[in-house]
Amino acid sequence: MTRSDQLEQGESAMSEPLQIETSLEGRSVCLALCGELTYATVPVFDEHVADVFGPTRPCLVLDVRRLHFCDSIGLSALIAARRRADLAGGRLILRGVHGMLERVLHITGAGALFTVLGADLDQIDHAAGGSERA
């Protein structure tokens, strides 16, 4: 994808594109985020969350180990995804929180809204309330 293609897809000249990889992990769907979660990339994130979350996979894991930046709009999108999970009777788990996102979650108090786990799949299955593997 060329830089002009990225700009046409709503990316600003200052932000890095957001890449999202989807995988199944037991009763969970994992979205691995790579890049920046910003005003320009939140629509892509929201679309992925809407597409994957549902009753057959009640737990959504957001792997943020490769997320380099998250602005206030990105934080709002994470909170909205958590709210969506709650309303559907599911869970949202953040995996691999580090650096600036860790600091933002701490400073704003938003970290208390999320279940934050390491990379261990057993932790995710236990937090999701099941032991099934994909």
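Of the peptides 39-46, 69-76, the ranking by mean beta-carbon count within 10 Å, highest at the top, reads 39-46, 69-76.
With a 10 Å Cβ neighbour count serving as the proxy for reagent exposure, in which order, fewest first, do ARG82, ARG65 appear?
ARG65, ARG82
Divide the volume of the convex hull around the Cα atoms of region 16-83 by the residue count and you get 70 Å³ per residue. For region 40-78, the residues whose amide N sits under 13 Å from a probe point set 7 Å from the Cα of ALA110 along the beta carbon direction are 42, 69-78. Principal axis analysis of the Cα atoms in region 18-128 yields extents of 31, 24, 24 Å, listed in decreasing size.
The numbers here are math on the coordinates, done by the rules we state, and not lab data. All figures in this text were calculated on a predicted structure; none of them were measured in a lab. Using ideal geometry, Cβ is built from the backbone for each residue, glycine included, and neighbour counts are taken over all protein chains shown.
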